[in-house]
């Protein structure tokens, strides 16, 4: 995609003072107000070839029919955000609030009241600072750890994994098949000024609960007497060979594990994105203990309260042809190691690996409107070696403003 579309994506996903004036703007007294967002929808067909049990798998299962179709939003929900900025007493301040309506249902008479099509509220935060000493963010926004991985994912404009046939608010993209979801989390974070390309962010965050793949949090629960900690440092450079390299971490204490006691879930990440001529290459990897897979602290601990190891990453290559169409291919996987306590029947069906290959074409019909065609092949394997494989073909459009 061209630079204008890429900036629009970053602005829609991670609104802040730094991307003010990215949408429709007007002045109200001492404030500049920016209304920004996107609308997208995709027609997709998902084919599932297996019906094995993989607890925590992201591949679609066969079900009653091998093929299912649906129309819904992709990895990005439809989005409407408002950012108001001003400068007073030599301090830049801003406030951002956004909401994200779903675009699909699977049953009549549900309207916007169903759980699947419910409106989300992902952002409500303020920032204050100055380019000389940095900025502080207070409120709910995209997490720090894992954020750059998802912003560089080409399926951000498309569907990736996660069937649109279920009427969910969004699909998964590459979440769980190459990186862990950064999620939208309460935080107080400080970002340094840009120092010749180097910048760092460090924050305290709302502690997350540890969960099993069935959504239960009865085995483990996040502590409330210690904050979570997240951080990321990056270096960006320009020129004929431009790019960005980054390192990040996640750390949180987890209490009330099975059998008593507590533990600290830790994870580290590293990535690089580089562009030369019309070619962009991305490589990313992460590794952790107790961090789980797909989502933060999901399946991070066994029934004995012991941390499971997990790791993963993805590689991606895109090329913009003379028509402006971006052609891309990406492959990634996320792995979860079993412990000795996982030798029972439930442990054997726990996910061992999720992987996905995606081939996509993203054409900027205008500087705001992208047409998208994607093919994704997803495989989920459990600890016993059984697997599910599914493919999704998606066609749609996404418009940013």
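Quick notes on this one:
- Taken over the stretch 16-38, the criterion of being modelled with pLDDT of 90 or more and not in a strand (DSSP E or B) is satisfied by 29, 30.
- Candidate set: the stretch 331-350, residues that are over 18 Å from the mean Cα position of the chain (by Cα) and part of a strand (DSSP E or B); chosen: the one farthest from residue 266 (Cα to Cα): 350
- Close pairs from the stretch 174-194: first farther than 20 Å from residue 209 by Cβ, partner assigned to a strand (DSSP E or B) and modelled with pLDDT under 95, Cβ under 6 Å, at least 6 apart: 174/160; 177/161
- Test: residue in the stretch 311-330 that is outside any strand (DSSP E or B), without any contact (Cβ under 8 Å) to a residue 60 or more places away in the chain, under 25 Å from residue 57 (Cβ atoms) and out of contact with any helix residue (DSSP H, G or I) (no Cβ under 8 Å at 6 or more places or on another chain): no
- Selection within the stretch 224-259: residues that are surrounded by fewer than 17 Cβ atoms within 10 Å (Cβ to Cβ) and assigned to a loop (DSSP other than H, G, I, E, B). The member of this set that is modelled with the lowest pLDDT is 259.
- Every condition in (1) modelled with pLDDT of 95 or more; (2) on the phi < 0 side of the Ramachandran plot holds for residue 197 except the one numbered (2).
Residue-wise test of (1) under 23 Å from residue 205 (Cα atoms); (2) without any contact (Cβ under 8 Å) to a residue 12 or more places away in the chain; (3) crowded, with 19+ Cβ neighbours inside 10 Å.
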position: 264; (1), (2), (3): yes, no, no
position: 274; (1), (2), (3): no, no, no
position: 293; (1), (2), (3): yes, no, yes
position: 298; (1), (2), (3): yes, no, yes
position: 303; (1), (2), (3): no, no, no
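- Looking at the stretch 39-102, the strands (runs of 3 or more DSSP E) lying wholly inside it that each contain 1 or more residues that are surrounded by 17 or more Cβ atoms within 10 Å (Cβ to Cβ), at pLDDT 90 or above and in contact with a helix residue (DSSP H, G or I) (Cβ under 8 Å, 6 or more places away or on another chain) sit at 79-88, 91-100.
The values are calculated or read from the model by the stated rules, or taken from the named source; none is laboratory data. This is a predicted model, so every value here is computed, not measured. Neighbour counts are summed over all protein chains in view; Cβ atoms, including those assigned to glycine, are modelled from backbone coordinates with ideal geometry.
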